[in-house]
């Protein structure tokens, strides 16, 4: 479960990790009042569960309360990627001399926590060279002792007796305490801002282990799904939005993952993951297609391997939808299994060719997407 930034900073404050003064708001009038209370320049940060907010225009700076109100009016209700902005974190604007990066997460290879640190934090941390990133595994039987935190600070180039060095040791230790006590999968500060002789967590990213939520009754429950994903969930469909341009539907989690992998292999970019399961009726198919079309794809690939699911049922449902609804993009179907000949005959009458092999269907979908 991902937490919003303001929730993460509330936890940071509980664990003595310094954060800017601020408050979450939902109206422009509240933004104006918070800016007035802060008594100086402020920043308005969209509270959505996505990264790259700065580059996407989800962060606005204001010098006066009136500018804060105008900035809130601009942001609230707008779309940021797949999310609608309905709340903002209004914070004091801090003067940043240098941006650091700190994170504790789970290393799946070693099956233990790992501390990640760099003196090159900020929006483009992914582009920092590997040699400029410190990675230190943490033995859960020993924990993160002060000598390990001090060693990390030393390797980052800060004198241990300097104000920044001492505070950095404390922050690293407190991050690990938070990580353990809240059953986190990720605790990240990016950037950890150097402001004179002080450090301030300018951002907060915390992910909680879903399987441990029963132990975390004091934490709020955050719905991570986008609007389309929530709609799919209500329909009983497994749907995840991705950033490509070829929509995908298949009948089973394994075959859907295989379809996505094959798309990537042939140079395509999937727009979604949609496991329709056994829902092959007309209504279920129509709703599934609505979800696919909501991604504004350049092509749709449907990959059906009929076992319990009958190919003629799938074909009949799709043909009915096609006859009653305009589908503005090309659709490529791979259809094999139970009653496949009957299903293919139905599709042929609807003017659609069905493919025998997944690779052939996907190559065709990629070709159509690239040519549109």
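The values are calculated or read from the model by the stated rules, or taken from the named source; none is laboratory data. Quantities reported herein were computed from a predicted structural model and do not represent experimental measurements. So basically every Cβ, Gly included, is an ideal-geometry build from the backbone, and we count neighbours across all protein chains shown.
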Exercise. Do you know which of the residues in region 110-119 that are in a strand (DSSP E or B) and out of contact with any helix residue (DSSP H, G or I) (no Cβ under 8 Å at 6 or more places or on another chain) is surrounded by the fewest Cβ atoms within 10 Å (Cβ to Cβ)?
Worked result: 112
For this session: Report yes if residue 130 is at pLDDT below 95 and at negative phi, otherwise no.
Result: yes
For this session: State which residue pairs qualify: first residue without any contact (Cβ under 8 Å) to a residue 40 or more places away in the chain and inside region 190-211, second residue exposed (fewer than 15 other Cβ atoms within 10 Å of the Cβ) in any location, beta carbons under 9 Å apart, and separation of 6 or more residues or different chains.
Result: 197/162; 197/163
Exercise. What are the residues in region 298-308 that are modelled with pLDDT under 85 and touching a strand residue (DSSP E or B) at 6+ places or on another chain (Cβ under 7 Å), if any?
Worked result: 306, 307
For this session: Being more than 21 Å from residue 125 (Cβ to Cβ) and assigned to a helix (DSSP H, G or I) is the filter here, so list the residues in region 175-202 that pass it.
Result: 177, 180, 181
For this session: Taking the residues in region 173-198 that are buried (at least 23 other Cβ atoms within 10 Å of the Cβ) and in contact with a helix residue (DSSP H, G or I) (Cβ under 9 Å, 6 or more places away or on another chain) as candidates, determine which candidate is nearest to residue 108 (Cα to Cα).
Result: 184
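Just to be sure before I move on: is residue 139 exposed (fewer than 15 other Cβ atoms within 10 Å of the Cβ), touching a strand residue (DSSP E or B) at 6+ places or on another chain (Cβ under 9 Å) and in a loop (DSSP other than H, G, I, E, B) in the structure I sent? Show your work before the answer.
Numbers: exposed (fewer than 15 other Cβ atoms within 10 Å of the Cβ): yes; touching a strand residue (DSSP E or B) at 6+ places or on another chain (Cβ under 9 Å): yes; in a loop (DSSP other than H, G, I, E, B): yes.
Yes; evaluated as a whole, the condition is true for this residue.
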Problem set entry | Residue under evaluation residue 341, criteria (1) crowded, with 16+ Cβ neighbours inside 10 Å; (2) part of a helix (DSSP H, G or I), criterion not met | (1)
For this session: For residue 86, work out the one condition from (1) surrounded by fewer than 16 Cβ atoms within 10 Å (Cβ to Cβ); (2) within 20 Å of the chain's Cα centre (by Cα); (3) more than 30 Å from residue 212 (Cα to Cα) it doesn't fulfil.
Result: (3)
Seminar exercise, completed: Reported set for region 287-314 where residues are in a strand (DSSP E or B) and within 32 Å of the chain's Cα centre (by Cα) is 299, 300, 301, 302, 303, 304, 305
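crowded, with 23+ Cβ neighbours inside 10 Å, more than 24 Å from the chain's Cα centre (by Cα) and assigned by TED's automatic domain parsing to the domain that holds residue 337: is that true of residue 318 in this structure?
Yes; evaluated as a whole, the condition is true for this residue.
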